[in-house]
1. What about V9, is it in a strand (DSSP E or B), more than 16 Å from ligand 2 (Cβ to nearest atom) and either of a type outside the set (D, E, K, R) or surrounded by 19 or more Cβ atoms within 10 Å (Cβ to Cβ) (or both)?
2. Scan the range 191-207 and give yes if some residue there is at pLDDT below 95 and over 29 Å from Q306 (Cβ atoms), otherwise no.
3. Looking only at the range 90-115, which residues are over 18 Å from the mean Cα position of the chain (by Cα) and without any contact (Cβ under 8 Å) to a residue 40 or more places away in the chain?
4. Residues that are within 13 Å of the chain's Cα centre (by Cα), modelled with pLDDT of 95 or more and either under 16 Å from Y228 (Cα atoms) or more than 16 Å from ligand 2 (Cβ to nearest atom) (or both): does the range 129-144 have at least one?
5. When you scan the range 61-75, how many residues do you find that are at pLDDT 95 or above and either among the hydrophobic types (A, V, I, L, M, F, W, C) or surrounded by fewer than 19 Cβ atoms within 10 Å (Cβ to Cβ) (or both)?
6. Residue check, Y228 against (1) hydroxyl-bearing (S, T, Y); (2) at pLDDT 95 or above; (3) crowded, with 20+ Cβ neighbours inside 10 Å, all met but one. Which one?
7. As an exercise: evaluate A115 against (1) open to solvent by 40 Å² or more (accessible area, probe 1.4 Å); (2) of a type outside the set (D, E, K, R); (3) touching a Phe, Trp or Tyr at 6+ places or on another chain (Cβ under 8 Å) and give the number of the one condition it does not meet.
8. List every residue pair whose Cβ atoms sit under 6 Å apart, with the two residues 6 or more apart in sequence or on different chains, where the first one lies in the range 49-67 and is on the phi > 0 side of the Ramachandran plot and the second, anywhere, is open to solvent by less than 40 Å² (accessible area, probe 1.4 Å) and among the polar types (S, T, N, Q).
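The values are calculated or read from the model by the stated rules, or taken from the named source; none is laboratory data. Predicted model only: the values in this text are computed from it and were never measured. Note that we place each Cβ from the backbone using ideal geometry, even for glycine, and neighbour counts take in every protein chain shown. What goes into the accessible areas is simple: the full protein's heavy atoms, side chains included, and nothing from ligands, DNA or RNA. Shrake-Rupley method; radii C 1.70, N 1.55, O 1.52, S 1.80 Å.
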Amino acid sequence: MSGKNVTEVVQAEPEGIARAARILESGGLVAVPTETVYGLAARADLPEAVARIYAAKGRPSFNPLIVHLRDVAQAERYAVLPDEARALMAVHWPGPLTVVLPRRADAPLADAVTAGLPTVALRAPAHPVMQALLAAVDFPLAAPSANRSGFISPTTPGHVLASLGGRIDLVLDGGACATGVESTIVAVREDGRIEQLRPGPVQVGEQGPTGGPVEARVEAPGQLASHYAPGKPVRLGALTAQPDEFLIGFGAVAGDVTLSASGDLNEAAARLYACLHEGARAPHPRIAVAPVPEEGIGLAINDRLQRAASPPDQG
Ligand code: AMP
Ligand code: MG
């Protein structure tokens, strides 16, 4: 499966979705569109299938995977849900919010999914193709981003093939992803405390057990400093390009490409990885990126840009 040489691409229509469901049932790997980025899905209850995800991506085994499922009712089977988690899910599910929760001792999950942690990360995606797939199978799907570990996340089938072509069984082609950056991750502790582990499309305030805000931000264990890396140096906050730089613009800073000429942060998020892919492919030895405001989804954009700019030896 992960050693295959041919990766099929099919349209995300009923026939293609049915084919994807059969491949997943037999333990294969399928790249699936979500509203955030393309995910590399395998059945979360089968150790061999989950092992294939880590092998195809070259992902370190200590970096746990997000479990994608249909709804809160299905989530009950895998995690303990404090009221604070139910409240978040009621507002943000289906959607780009991942909730890290105490894992149920009897949860039917391959241990590698949680990398041996006592917690599990759950998300109910809003993309109709992912939803159709989850409705067609009777197991949840472990799905990290569909790229080689450490590289830029994919927002088109072309990005997936460039990174994982020949290493996975199938790509479900659902076009470009609308949101473009990975889900917000929050942890809800047994006492109801909420901690943000990764900024993303959904803004969730952190709360202590008494409902008051907490100061500390805890990093997700798999949040390596160097990630989303285009394979060449990246300089942030650039207003102009040096002669050897490919400039990714934003707003008034025009570049070789732009995240958003009008300065729209949602458009910038949707275009972020496509622009980084272009910079990676360009002949320029370096990439520069215009400043992006630290507000709303701009927090998630800047988080990913800082990781893209971190040298690998610091990862
Ligand atoms: P990716 O699917 O590639 O966006 O990565 C998934 C992210 O979810 C990684 O940063 C993981 O560290 C994080 N994650 C998954 N499971 C857990 C967990 N149980 N606790 C904390 N973070 C998690
Ligand atoms: Mg990833």
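1. Yes, satisfied.
2. yes
3. A90, V91, R103, R104, A105, D106, A107
4. Yes, that holds for at least one residue.
5. Final tally of qualifying residues: 10.
6. The failed condition is (2).
7. (1)
8. From the range 49-67, the pairs are G58/S149.
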